Structures are given as structure tokens and as C-alpha cells.
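What follows is one structure encoded as C-alpha cells, with my remarks underneath.
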Amino acid sequence: MINQIIEGDSFELLECIPNGVVDLVITSPPYYKQRDYGMGIGNEDTPEGYIENLLTIFHECVRIVKNTGSIVFNLGDKYNKEGSLSLIPFRFAAEVIKNEPVKLVNTITWIKRNPTPRQFKRRLVSSTEPFFHFVKSNNYYYNIDAFLTEPNTKKGRRKRENTNVGKKYFKLIEASTLSEQEKQKAGEELHKVIEEVKKGEIAEFRMKIRDIHAPAFGGQEGGRKTQLEKQGFTIIRIFGNELKRDVIENSVETIKNCPHPAVYPESIIRELVKLLTREEDVVLDPFVGSGTTAVACKKLGRKYIGLDINPEYCEYARERLITTQAKLGWF
Ligand SMILES: C[S@@+](CC[C@H](N)C(=O)[O-])C[C@H]1O[C@@H](n2cnc3c(N)ncnc32)[C@H](O)[C@@H]1O
């Protein structure tokens, strides 16, 4: 099964995979009554029936995944006939943590930069989807340094060219009882840190000045408190842009001439594969559709198993993998 796209029903195919052999399951099952794939799950009579089917698949995934592995499910919600959100993804996740021996590490929210541009008068445009990250043990593989090496929101990347950032501190330094030498040093350091904010290297900063802030400044002896007393000021840099947050901003992707109507973004999958696996690890997608998971794995040197019930999608996924291989080079 390794490095193959296999056509068939995941309810049956998953049974052929032995216990504890997969490092990561990452998938996007059909959403409830969103699209008609012509076959397979997603068109059950009730949301409960749909969740039940997803739980059966999930149960198999737990069996197949190694103790150090992860399971990531991406799901979308749906408004019911009464116009209320059904909360299907969260109902599914709640059932999982109630019934399966797994923990929910994060709900990673995909923020769609280009949601369907249909504005309603009395509700906002849905533009997020959860990726639920479950693990079987506390010993799960996790390479946080490999995840989103670029800031993952537009805000994170924003430079602050023309702002009054830090201006108030110049006035405070001037009004303080620091010596002339201390004032000069404080001014120089203030200029430096303002530049760091403007370049987007840090998110923001705070400056504490001896006679102004020291009385109220807690801090430990020997740390900033000593710095404040000895040099007359201290600067606290806030690396907000560097935080690895549980949100990923990405556009909804479409692939030219792709027969599949609901492809998930390859770049999000690549980030999660880097975060949760090593090279040569095995990644399974029981609803592989157009083959996005397999393509991400091929590019990153991971092994993949892709299952899908629809022969046309399987064929397309195989062709996509050949093109990917050709672009990567054969050797
Ligand atoms: C949301 S799509 C997955 C799209 C995929 N992530 C991509 O990027 O192309 C869900 C897929 O599940 C498949 N599917 C539905 N029921 C299935 C079943 N019982 N077994 C295997 N595949 C099934 C559908 O054919 C569809 O391609």
C-alpha cells in the first residue's frame, strides 16, 4: 500500500492496515451534505448518522497510528434548515475525546483569505475551518522548529513604517532623573528597538525607566530589576510575530482542470506534515481526493497511503503525483 493511491471504500480498506504502522493520519472527510461526491459518506440522513460514520473511521485510524503519531481531521460546518450552525466539526471532536484514547492537542484554525464572496444581510461570511490535532500519547513526535518558519498571518508580517512607536519613551527619558550619560545610552537603545519594530523583527516592546517605573516594577533580583537600578532603564522585547499560533492564513486553492471540487491547501498540509513527521515516515489519508496529502508527502520525502472511493479522483491523484515527481526530478 505504501506510496500508492488505492481506490476503494475506507471502511473496508482501513481494516487491511495493521496496528501501529502509520505516523500521521491527515485528512479532510466529505463535509456533511455539502457536496455530492456521488458515493461514500457525507449524505447520511442526519448529522448524528454522519458523525457516527466519521467516528468509525476515526476508531480505525487510532488503531493504525503509532503511539508517537498524530491524527489530524479537517472538517467544515453547515447551517441547518432553521438557519443555525450545526457545529458538526466540534460535535465530532467532542465525541472523539469522550470515546477514544486520544487527546486533542490543538484546534488549528484555517483562516481563508478568499472565502466564498457571498455576503448575507444578517450574518457574517464563514471564513474559517478547524484542523483538529489528536494524539495517542504525550510522547507524540513534534518538530515545532520546522513549522511555519515564516509568520503565518498577514498581521505577523506587517512592518510598522510610519508610526509613532516608542515616541512617548523619549519624553519620559528626558523628564527622568537619569544622568546625562544614562539618558544618552537609553536614547540610543530606544532608537535601536524602534527600528526592530519597524522592520517587523519584533512585535512591540516596553521600556522601564528607573525613577518612573522602578517602584512598581516587580521582577527578580539580579534580572531586569538590577539592570533598571544599575543602567537606569531596561527594554522588554515582545516577540509576538515569532509565536507559533494555532491559526494558519491561506487561500482556498483551485487547481486548473482538476475534477475534484474541494481540494484542501497543499501548503497547510506541508506545514502539518513537517510539524508531525520525520522524513521517511508514513502518512495516511483515508479520503485523499485529488491527492493533495500524497503530493505534500512526496515533496517532503515522506511515504504516503492515499485511499478514495471515487475512481476518477484516484486517477487524477496518480497523474498529479507523476507530474510532481517529474518536477522534482527522477533522481
Ligand atoms: C473533501 S474530499 C477530500 C479532498 C482532498 N483533501 C483533496 O485535497 O483533494 C473527500 C473525499 O472523500 C471521498 N470519500 C467519500 N466517502 C469515502 C469512503 N467511504 N471511502 C473513501 N473515500 C471516500 C470522496 O470521494 C472525496 O474525494
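The values are calculated or read from the model by the stated rules, or taken from the named source; none is laboratory data. Not measured: the values here are computed from a predicted model. Every residue, glycine as well, gets a Cβ built from its backbone with ideal geometry; the counts of neighbours run over all protein chains shown. Ligands, DNA and RNA are stripped out before the accessible areas are found, and what is left, the full protein with its side chains, is counted by its heavy atoms. Shrake-Rupley method; radii C 1.70, N 1.55, O 1.52, S 1.80 Å.
So in the stretch 7-30, with the set limited to residues that are touching a residue at least 40 places away in the same chain (Cβ under 8 Å) and of a type in the set (Asp, Glu), which one is most open to solvent (accessible area, probe 1.4 Å)? Give the derivation first.
We begin by selecting, within the stretch 7-30, every residue touching a residue at least 40 places away in the same chain (Cβ under 8 Å); these are 7-11, 13-15, 17-30.
From the residues that got through so far, the ones that are of a type in the set (Asp, Glu) too are 7, 9, 15, 23.
Details: 7: 97, 9: 49, 15: 132, 23: 14 Å².
Only one residue tops the list, namely 15.
Return the pair list, or none, for Cβ contacts closer than 7 Å from residues in the stretch 31-51 that are within 8 Å of the ligand (Cβ to nearest atom) to residues that are among the aliphatic types (A, V, I, L, M), at least 6 apart or on different chains.
Note: pairs meeting the criteria are 31/75; 35/262; 39/309; 40/309.
Would you list the strands (runs of 3 or more DSSP E) that sit entirely within the stretch 40-151 and hold 3 or more residues that are under 18 Å from residue 287 (Cβ atoms)?
Working: elements: 65-74, 103-112, 128-135.
It comes to 65-74, 128-135.
Among the residues of the stretch 237-250, write down those that are open to solvent by less than 40 Å² (accessible area, probe 1.4 Å) and modelled with pLDDT of 90 or more.
Within the stretch 237-250, the first condition is being open to solvent by less than 40 Å² (accessible area, probe 1.4 Å), and the residues that meet it are 240-241, 247-250.
The answer is 247, 248, 249, 250.
Residues in the stretch 192-212 that are over 18 Å from residue 228 (Cβ atoms) and either open to solvent by less than 60 Å² (accessible area, probe 1.4 Å) or in contact with a helix residue (DSSP H, G or I) (Cβ under 9 Å, 6 or more places away or on another chain) (or both): how many?
So the answer is 9.
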